[in-house]
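None of the figures in this text is laboratory data; all of them are computed from the coordinates on show. The structure displayed is predicted, hence computed values, not measured ones. Cβ placement follows ideal geometry from the backbone for every residue including glycine, while neighbour counts extend to all protein chains displayed.
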């Protein structure tokens, strides 16, 4: 056995569009999805009509009322499984896992129910409020969609949820517990109540997301999902699947420090562990997909960690920060960034960091400020969540 | 608001995902394979639409569509 875990399918939905074929040209061309919400903060919204259209062929009768959280996961899953050539395949059964990351459950459903109860004074809310909004609903819906009877779960670690999901799923495949995993994340956090809660935290930009720029003012939320099909290399080869790349490494750590502020030492631990797990020397050329939220402190601490590990000039590294285009999808963001990063590796093109206007001496990194050609085989995708929950994924280009 | 059989069946079709033409008046909820979650969701929407209260135990799996129509119609004074 090779022990390698390979990627054979990728799907996504976000403010940038439905599907990777639509998302990639936009993001590599410098197009962003951030726009006004009618509230004090902008966001990057999914086109709800196009999401519904992508599911219109399904018989959803047994699935109950779908919160966007689950709808997004289903759209991304259909694309990934279709690309992997696994739709209706016999290996989609007991030995396939579903591991998705979600940060906060179905906010739209909860908002609607609570508004009815608190503001309208109604005594009942919709009976499907709980099953629709529960944070594990996307994993259940994906399992029902595909008829999967293996381990299925949602991992919640705020902004790192889907990095943890992909990493833990990778271990399931590596250990031989399953042959295939449907892994990624979904998030639908743009309900008015959720946006106001985030805005009240004081970390939101009033204009746009400007990772590592001196005038950055905070993060911008997005919504959507990204899902990958990962499987053992042997399984993929045996069924003649097209291998898109490798999920080669996973490092994770806990700062054990603060409920919101990042800690450089914890971040460094996760990055170094991921390199060690993948057998990728830190000196090796790599595309770095930064966590890059655009908040004052996060970007500064991440830049310090990157220069501490890779050297002051981060030689051989190209750094991207795609939240500037699709917003921060919280529990889904790591999976979306990994999908975009793997697509960038395949193309040898880095999508530009948007919103960047002036260098910050505290964040002196080799950023891809325009569409940038690069030559390397490895992706390092960073996720550093509130509460000090860090997860770093390493991908390799298909050989 | 008076509840017509058509308006009641429209709500039921929407909440259960069953085509309107498949909702025979003499069929039971069990025969139509309407699960408990769809069933309570449909009752909730009927309560909302017609501003009535339906006691949870007033209908069950062996009740027919006609029983539901009669109950809602009676509650709305029809």
remark   = Hull surface over four for the Cα convex hull of the protein assembly as shown, reported in nm², is 23.1 nm²
message = With the crude spin-label approximation of a point 7 Å out along Cα→Cβ, what separation in nm comes out for residue A:123 versus residue A:50?
response = 4.5 nm
note = For chain A, averaging the sequence separation of alpha carbon pairs under 8 Å that lie six or more residues apart and dividing by its residue count, the contact order in percent is 24 percent
Counting DSSP beta bridges with both ends in the stretch A:273-392, the antiparallel % (nearest 5) = 45 percent
task = Figure the gain on full extension for residue A:31 and residue A:90 (residue separation times 0.36 nm, minus the Cα-Cα span) and round it to one decimal in nm.
result = 17.3 nm
key: Reciprocal mean inverse distance between Cα atoms of the stretch A:1-142 - Kirkwood radius, Å   = 17.3 Å
inquiry  = Connecting C-alpha atoms closer than 10 Å in a GNM of chain A, tell me which of A:196, A:135, A:319 has the biggest fluctuation.
reply    = A:196
message = Under 10 Å, Cα contacts only: if you run a Gaussian network model on chain A, which one of A:127, A:352, A:211 comes out with the highest mean-square fluctuation?
response = A:127
inquiry  = Only bridges whose two residues both fall in the protein assembly as shown count here: according to DSSP, what percent of them are antiparallel, nearest 5?
reply    = 65 percent
message = Could you tell me how far the Cα centroid of the stretch A:323-344 sits from the Cα centroid of the stretch A:261-314, in Å?
response = 17 Å
inquiry  = Using a 10 Å cut-off around each Cβ of peptide A:114-124, what is the average number of partner chain Cβ atoms that fall inside?
reply    = 1
request  = Take the Cβ-Cβ distance between residue A:238 and residue B:4 as r, set R0 to 60 Å, and report the resulting FRET efficiency rounded to the nearest 0.05.
outcome  = 0.50
task = Using R₀ = 25 Å, calculate the FRET efficiency as 1/(1 + (r/R₀)^6) where r is the Cβ-Cβ separation of residue A:296 and residue A:197; round to 0.05.
result = 0.80
Global form of the stretch A:126-227, assessed from the alpha-carbon gyration tensor, a/c cut-off 1.5 = oblate
query = What is the spin-label model distance, in nm, from residue B:14 to residue A:362 if the labels are put 7 Å beyond Cα along the C-beta direction?
reply = 5.2 nm
request  = Please give the average number of partner chain Cβ atoms lying within 10 Å of the Cβ of each residue in B:41-49, rounded to a whole number.
outcome  = 2
key: Residues A:384, B:44, A:117 arranged by fewest to most Cβ contacts within 10 Å   = A:117, B:44, A:384
note = Bounding extents of the stretch A:33-109 in its principal axis frame from Cα atoms, largest first in Å, are 49, 25, 25
key: Helix-only mean residue ellipticity at 222 nm for chain B, each DSSP H run of n ≥ 4 adding -39500 (n - 2.57), per residue, nearest 500   = -15500 deg cm²/dmol
key: Helical mean residue ellipticity (222 nm; -39500 (n - 2.57) per DSSP H run of 4+; nearest 500) of chain A   = -10000 deg cm²/dmol
key: Full-stretch length increase - residue A:177, residue A:22 - with 0.36 nm per residue and alpha-carbon distance subtracted   = 52.4 nm
inquiry  = Suppose we take every Cα in the stretch A:264-399 and form the convex hull; what volume per residue is that in Å³?
reply    = 98 Å³
key: GNM result for chain A, Cα springs below 10 Å: residue of A:74, A:201, A:39 fluctuating most strongly   = A:201
ask   = Taking the simple approach of a point 7 Å from Cα along Cα-to-Cβ for both residue A:304 and residue A:61, what is their distance in nm?
value = 5.9 nm
query = What do the square roots of 5 times the Cα gyration tensor eigenvalues come to for the stretch A:260-341, in whole Å, largest first, as semi-axes of the equivalent ellipsoid?
reply = 20, 16, 13
Per-residue mean of C-beta atoms belonging to partner chains within 10 Å, peptide A:128-135 = 1
ask   = What is the percent of Cα-Cα separations in chain B that go past 19 Å?
value = 22 percent
